[in-house]
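The values are calculated or read from the model by the stated rules, or taken from the named source; none is laboratory data. No experiment lies behind these values; they were computed from the predicted model shown. Backbone-built Cβ (ideal geometry, glycine too); neighbour counts: all protein chains shown.
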Amino acid sequence: MSAGKALLTIVNCRIYIKKASVELQERFGIVEGGEVNPIIALYLLNKKIADIVDDNGRIADISKLIECFDKPIYSTLFFVVQDLIKRGKKIAFGETDNELIITSENTLVYVMDEDSTIKAIDLYNIVDRAIKQGYRFLIAVVDMHGDVTYYEVSKMVFPKIERREMYNERAL
């Protein structure tokens with residue numbers, strides 16, 4: 001265990017920060033003693049920025065964390081979080097499991113894997129909510145290789161066209 005690494009602990013599939021540098025706390029919005037999102041924990045472990053320790057302070061296996069990933073979207077989210085952090089973005093988690101927020105850009109990212117589907121009305125409602133909250137809206141699609149493609153989505157409003165007479169009376 002490196003002296004500079006953050007230390008995580010898992011209690012009933014909830015991950016807590018035992019120790020973290022001030023820089024790490026500011027970068028990821030975490031606090032010592034506080035709970036950390038499992039996706040962020042996995043990112044920190046994957047980048048070897050943190051270790052998981054058991055109750056006795058011994059390094060625990062990463063599989064202990066993986067067992068806590070009870071939602072299929074977590075693996076897809078991990079690839080998007082990793083990509084956004086690599087691009088220098090500061091992220092937060094949104095209202096639903098599929099949502100991330102790029103805080104510095106006021107952008108809502110809806111995360112999907114390439115096999116996912118979404119109904120047009122559901123997409124419309126998500127875009128509408130994002131716009132009303134002042135966000136730019138992106139969809140992040142993760143392919144089977146873990147590559148992420150981003151699509152910007154906006155809402156178009158088509159005004160109703162009033163029916164009018166084809167010919168003006170004066171023209172006759």
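Of note, Lys64 does not satisfy the criterion of being of a type in the set (Lys, Arg) and farther than 17 Å from Val36 by Cα. For the stretch 112-133, does any single residue satisfy the condition of being of a type outside the set (Ser, Thr, Tyr), closer than 21 Å to Asn37 by Cα and free of Cβ contacts under 8 Å to residues at least 60 places away in the same chain? Yes, the stretch 112-133 has at least one match.
Would you check if Val109 is outside the structural domain of Asn37 (by TED's automatic domain parsing), touching a residue at least 40 places away in the same chain (Cβ under 8 Å) and not in a loop (DSSP other than H, G, I, E, B)? For Val109, the condition - outside the structural domain of Asn37 (by TED's automatic domain parsing), touching a residue at least 40 places away in the same chain (Cβ under 8 Å) and not in a loop (DSSP other than H, G, I, E, B) - is met. Just to be sure, is Asp83 in contact (Cβ under 8 Å) with a residue 12 or more places away in the chain, in a loop (DSSP other than H, G, I, E, B) and within 18 Å of the chain's Cα centre (by Cα)? It is false that Asp83 is in contact (Cβ under 8 Å) with a residue 12 or more places away in the chain, in a loop (DSSP other than H, G, I, E, B) and within 18 Å of the chain's Cα centre (by Cα).
Checking each residue in the stretch 132-155 for being surrounded by 11 or more Cβ atoms within 10 Å (Cβ to Cβ) and not in a strand (DSSP E or B) picks out Gln133, Tyr135, Asp143, Gly146, Asp147, Val153, Lys155.
When Arg163 is tested against (1) in contact (Cβ under 8 Å) with a residue 12 or more places away in the chain; (2) over 27 Å from Arg14 (Cα atoms), exactly one condition is not met: (1). Scan the stretch 59-80 and tell me whether some residue there is modelled with pLDDT under 85, closer than 25 Å to Thr9 by Cα, of a type in the set (Gly, Ala, Ser) and not in a strand (DSSP E or B). For the stretch 59-80, residues modelled with pLDDT under 85, closer than 25 Å to Thr9 by Cα, of a type in the set (Gly, Ala, Ser) and not in a strand (DSSP E or B): present. Taken over the stretch 45-60, the criterion of being surrounded by fewer than 12 Cβ atoms within 10 Å (Cβ to Cβ) and closer than 18 Å to Leu24 by Cα is satisfied by Lys47, Lys48. Within the stretch 1-58, being assigned to a loop (DSSP other than H, G, I, E, B), under 24 Å from Asp83 (Cβ atoms) and of a type in the set (A, V, I, L, M) holds for Ala20, Ile30, Ile49. Answer yes if at least one residue in the stretch 86-94 is in a loop (DSSP other than H, G, I, E, B), out of contact with any Cys (no Cβ under 9 Å at 6 or more places or on another chain), assigned by TED's automatic domain parsing to the domain that holds Val36 and buried (at least 16 other Cβ atoms within 10 Å of the Cβ), and no otherwise. No, that holds for no residue. Residues of the stretch 95-128 that are farther than 20 Å from Met144 by Cα, touching a Lys or Arg at 6+ places or on another chain (Cβ under 8 Å), surrounded by fewer than 17 Cβ atoms within 10 Å (Cβ to Cβ) and of a type outside the set (Ser, Thr, Tyr): Glu105, Asn106, Asp128.
When you look at Val141, is it closer than 28 Å to Ser63 by Cα, among the hydrophobic types (A, V, I, L, M, F, W, C), in contact with a helix residue (DSSP H, G or I) (Cβ under 6 Å, 6 or more places away or on another chain) and not assigned by TED's automatic domain parsing to the domain that holds Tyr43, yes or no? When the stated conditions are applied, Val141 does not pass them.
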